[in-house]
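The values are calculated or read from the model by the stated rules, or taken from the named source; none is laboratory data. No experiment lies behind these values; they were computed from the predicted model shown. Virtual Cβ from ideal backbone geometry, glycine too; neighbours counted across all protein chains shown.
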Amino acid sequence: MSLYKKKLFKTPSQTVGPFFQNYLKFDFNKNISSIKKNKIKNRISLNLNIKDKKNRIVKDAFIEYWLFYKKNNKKIFLLFNRIKYDIKKKAFLINLNEYKFNTYLYLTIFSRGLLNHLHTVIYFNDLNFFKKDIFFKKLPIDRRHFMIAKLIKFENDIKFYKHDLHLNGTKESIFFYID
Amino acid sequence: MLSLKLSNYKIFTFMAQNYTSNPSHYFKAYKSNTDRAPKKKLIKIKNDINKRQLLSKLYKNFTINNNLLCFNKNKKPVGQKIVIKGNVTDTSGVPLKNIIIEIWQANASGKYRDKNDKHDATIDPNFYGYGVTKTNNIGNYKFISILPGAYPWNNHKNAWRPRHIHFSILDLNFFSRLCTQMYFPGDFLLNDDPIYNSIPKEHRNKVIAKYDNKKNKISNYLTFNFDIIL
């Protein structure tokens, strides 16, 4: 008997189209999180926009974000959520707890026009751990800075950040493929 | 393919269309795609997350086993009633249990329950168009719905989307995340659809359901089988 087992091809990806807004579940009442409430410290509020080649805001998209922290060099799951474009705030709003936040935020982007979803990460400019992060150091030098959200204000124990993800164009963000 | 070994990590740069049965990110015939698809090469990262941690927490936030896409059992939606069933496996053929599957679709006249859907067709008050379930211990799932209608769109002159159902498949983490569309066998609109045709030719049959009424136990329903490989 051969030890080699033939691998099957995965089911191909297709676009989510424009009409997912009223169907999929968004903004889970409670983020799917392993954080204990009494350990929540400062909060992070990220105002995120997705832009296309012509710098237009992509509204018919949704984002899933995942947060992990590192313990003994292993990633431990903290949080998952799915969000859509907030028409009133004119952005995708991501609210996080800074507790044990010593790694980056994983994002998966789905949109009309995207035949495959996109993986990316976001770092935060005042949280200096990214400067030592092995993975960050290996990102293309000329585009690394496109992955860092900027702190714009700090109020009521909440840090407010702003960031634009560019799907295409001169400021194109770095996207990943996961093996 | 170029590979660079850098200390503990390997980072590969590659052309996206070479690694799976997925479409390439950029596909000119699909107009919405041209300003949104990334043009730079993607970077490969490795899966290093203990995905089992996520499982129980995810389920609390989905109303699992809502596999009937109508508003009300007693009020029948317009259209041909169908059963969609299938099996979810990994690439080695091992069945995957507890995979969350969400589907959404247009009604029988090709109309979505969405204010942005400008198609001149009627909303069916008895049809919602969304369902969610999870695979059982042997990787099987089932939905009960109606045959969705085709509808026109603005991609090119006289463009029509073939009948399709959107699938969102959430595994225990994002490494095997999949959003796809299930099409129906024999649909003549498939030939001119740029979204379907973005898939490499040899893999297009993987998104077409198979008509399979032999084991159907519900009368008056057409049964389609759609197996998914993550």
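Within the group B:Phe167, B:Phe175, which residue is part of a helix (DSSP H, G or I) and either at the interface with chain A (Cβ under 8 Å from one of its Cβ atoms) or within 18 Å of A:Phe20 (Cα to Cα) (or both)? Give the derivation first.
On the way: B:Phe167 fails: part of a helix (DSSP H, G or I).
Exactly one of B:Phe167, B:Phe175 is part of a helix (DSSP H, G or I) and either at the interface with chain A (Cβ under 8 Å from one of its Cβ atoms) or within 18 Å of A:Phe20 (Cα to Cα) (or both), namely B:Phe175.
When residues of the stretch A:121-142 are filtered for being in a helix (DSSP H, G or I), surrounded by 11 or more Cβ atoms within 10 Å (Cβ to Cβ) and either within 14 Å of another protein chain (Cβ to nearest Cβ) or in contact with a helix residue (DSSP H, G or I) (Cβ under 7 Å, 6 or more places away or on another chain) (or both), how many remain? Number of matching residues: 4. Within the stretch B:186-230, the set of residues being farther than 24 Å from B:Ile99 by Cβ and either in a loop (DSSP other than H, G, I, E, B) or outside the structural domain of B:Glu102 (by TED's automatic domain parsing) (or both) comprises B:Gly186, B:Asp187, B:Asp193, B:Ser198, B:Pro200, B:Asn213, B:Lys214, B:Ser219, B:Asn220.
Taking the criterion of being assigned to a strand (DSSP E or B) and under 20 Å from A:Phe20 (Cβ atoms), the residues of the stretch B:91-130 that qualify are B:Ile100, B:Ile101, B:Glu102, B:Ile103, B:Trp104, B:Gln105, B:Phe127, B:Tyr130. Considering each residue of the stretch A:166-177 in turn, at least one proves to be out of contact with any Cys (no Cβ under 9 Å at 6 or more places or on another chain), at positive phi, part of a loop (DSSP other than H, G, I, E, B) and not hydroxyl-bearing (Ser, Thr, Tyr).
Right, B:Thr135: more than 10 Å from chain A (Cβ to nearest Cβ), without any contact (Cβ under 8 Å) to a residue 60 or more places away in the chain and either of a type in the set (Ser, Thr, Tyr) or buried (at least 18 other Cβ atoms within 10 Å of the Cβ) (or both) or not? Give the derivation first.
Values: more than 10 Å from chain A (Cβ to nearest Cβ): yes; without any contact (Cβ under 8 Å) to a residue 60 or more places away in the chain: yes; either of a type in the set (Ser, Thr, Tyr) or buried (at least 18 other Cβ atoms within 10 Å of the Cβ) (or both): yes.
So B:Thr135 passes the test.
Sub-6 Å Cβ pairs linking a first residue in the stretch B:206-230 that is away from chain A (no Cβ under 14 Å) and under 17 Å from B:Pro185 (Cβ atoms) to a second residue that is surrounded by 15 or more Cβ atoms within 10 Å (Cβ to Cβ) and small (Gly, Ala, Ser), at least 6 apart or interchain, are B:Phe224/B:Ala209, ordered by first then second residue.
Cβ-Cβ distances below 7 Å connect the following pairs, each with a first residue in the stretch A:160-179 that is facing chain B (nearest Cβ under 7 Å), a second residue that is acidic (Asp, Glu) and surrounded by fewer than 19 Cβ atoms within 10 Å (Cβ to Cβ), and a separation of six or more residues or different chains: A:Asn168/B:Asp35.
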